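What follows is a single structure, written as structure tokens, with notes after it.
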Amino acid sequence: MDKLKKKVIDTIKKYNLIESGDKIVLAVSGGPDSICMLDIFIEIRKSFEQIGCDFNPEPLASFGIVVAHVNHMIRKDAKDDEIYVKNYCEKNNIEFYSKSIDVGKLANNNKIGTEEAGRMVRYEFFDEILEKTNSNKIAIAHNKNDNAETIIMNAIRGSGVSGLKGIEAKRGKYIRPLIKCERTEIEEYCKERKLDPRIDRTNFENEYTRNKIRNIVIPYIEQEFNPNIIETLNRLSDLVIEEETYINRQVKNVYNNILIEESVEDLKNAKSPEIVLDLRKFNNEEKVIKSRILLYTITRLLGSSKGIEKIHIEDVIKLCSNNIGNKYLTPNKNIKILIKNHKIYFLSQV
């Protein structure tokens, strides 16, 4: 128990997940991972002076927590999960917020998978509670096993090098304090603390891709090839994150060198925000840097590069190399990329 708590504290320190004055929304389903995270956060708040982070020295004054729970209405006992989490929060004097939504119906109406619909609902609700409670971070209880599963899923889908990062400990407002903990450690913690977490039986059904990887692929690899595959994939994740961090710094340096016109504040306030790059300098870069520059620029302009695929990047690079004026591409409905006067114009269509 103390070993797992220390591991979580070390993760908080290493990745600077919590700072003094934070208010954190904890995503709690009631399963072993999330209830373990909640229990440890409560313990940390009671004795955080042992952590050594930059926390307010007075107990319970360093950071606040609230709990958000989503009832997907998929299982008959889902309401019992909600009651379990609510009772736990009441017992420990924690703010509790919940939402019930028929995820299966939502998935059918929007012609998307149940997993995707569930994730969309959860994160929309977490954002809602973040704003409602004036919180600034959202804690998700992903663990080492989840990370390994995600890496395999990304590799299967052909996500490229970035997909091998898996699940990062900190990304924007999202923090994952259990990301260095294995599932068996978490389950043992729950047992020792007599938390009696809820068990989602659908996790044992091999209907979804993640469940197939969790219940079939990883056990097979462990038995036939590498019994430490979880640890191996997490080491790979750490290496890729380290290298990606370095490459991203170089991309930012190149971007600043070829940038002609862009203001973050203008992008937020302008009716038709745009970014302008030097075409000649762009063409002088290696292809791998060009690709990342394009994604980086689009993300700065739109806030995301979602929907921009490899074929779009290839087409833009080809357009730039041809160096023919007044030619443009629209990778998606939100952006127009125009070549004009030896410059590359990224024009928001939002």
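The values are calculated or read from the model by the stated rules, or taken from the named source; none is laboratory data. Computed from a predicted structure; not experimentally measured. As a convention, Cβ positions derive from the backbone with ideal geometry for all residues, glycine included, and neighbour counts pool all protein chains shown. Note: areas computed on protein heavy atoms with side chains; ligands, DNA, RNA excluded. Shrake-Rupley method; radii C 1.70, N 1.55, O 1.52, S 1.80 Å.
I need the peptides 290-303, 80-93 ranked by packing, meaning the mean over residues of other C-beta atoms within 10 angstrom, with the highest value on top.
290-303, 80-93
About its Cα centre, what dipole magnitude does the chain give when the only charges are +1 on Lys and Arg Cβ and -1 on Asp and Glu Cβ, stated in debye to the nearest 20?
With only Lys, Arg, Asp and Glu charged at Cβ, the dipole is about 980 debye.
Quick one: compute the contact order of the stretch 107-230, relative version, from alpha carbon pairs under 8 angstrom and 6+ residues apart, as a percent.
23
Mind grabbing the accessible area of residue 20 for me, 1.4 Å probe, Å², rounded to tens?
Counting only protein heavy atoms, the figure is 60 Å².
Nearest 500 deg cm²/dmol is fine: what mean residue ellipticity at 222 nm does the chain get from its DSSP H runs of n ≥ 4 alone, each adding -39,500 (n - 2.57), divided by its residue count?
-16000 deg cm²/dmol
Given +1 on the Cβ of Lys and Arg, -1 on the Cβ of Asp and Glu, and no further charges, what dipole in debye does the stretch 174-287 carry about its Cα centre, rounded to the nearest 20?
280
For the chain, modelled as a GNM with alpha-carbon contacts under 10 angstrom, which of 46, 132, 144 fluctuates the most?
Taking springs between Cα atoms under 10 Å, the residue moving most is 132.
To test your reading of the geometry: what angle, between 0 and 90 degrees and rounded to tens, separates the Cα axis of helix 144-157 from the longest principal axis of the chain?
40
Residue 280 to residue 217: extension gain in nm, 0.36 nm per residue of separation minus the Cα-Cα distance?
Additional length available on full extension: 17.9 nm.
With the Cα gyration tensor of the stretch 158-245 in hand, convert its eigenvalues to equivalent ellipsoid semi-axes via √(5λ) and list them largest first in whole Å.
Output for the stretch 158-245: semi-axes of 24, 19, 14 Å.
Can you list the lysines whose alpha carbon sits under 20 Å from that of residue 132, skipping same-chain ones fewer than 8 residues off?
Those lysines meeting the cut-off are 23, 86, 99, 173.
Round to a whole number: what % of the accessible area of the chain belongs to carbon and sulfur, probe 1.4 Å?
Summing carbon and sulfur atoms, their accessible area is 47 percent of the total for the chain.
Mean projection of the alpha-carbon convex hull of the chain over all orientations, in nm²?
The orientation-averaged projected area of the Cα hull of the chain comes to 20.0 nm².
Aspartates and glutamates near residue 111 by alpha-carbon distance under 13 Å, same-chain residues fewer than 8 away left out - which ones?
Partners found: none.
Could you state the accessible area per residue of the stretch 159-238 in Å², with a 1.4 Å probe and every protein chain left in place?
Roughly 59 Å² per residue, with all protein chains present.
Among DSSP bridges having both ends in the chain, what percentage is antiparallel? Round to the nearest 5.
Around 55 percent antiparallel, to the nearest 5.
Over the chain, calculate the relative contact order: mean separation of alpha carbon pairs under 8 Å at least 6 apart, over the residue count, as a percent.
It rounds to 15 percent for the chain.
Quick one: helix 32-47 against the long Cα principal axis of the chain, what's the angle to the nearest 10°, folded into 0 to 90?
80
Kirkwood hydrodynamic radius, the stretch 130-181, all distinct C-alpha pairs: what's the number in Å?
Here the Kirkwood hydrodynamic radius works out to 12.0 Å.
Taking a cut-off of 16 Å between Cα atoms, list the lysines near residue 252, but don't count ones fewer than 8 places away on the same chain.
Once the sequence-local lysines are set aside, what remains near residue 252 is 281, 287, 290.
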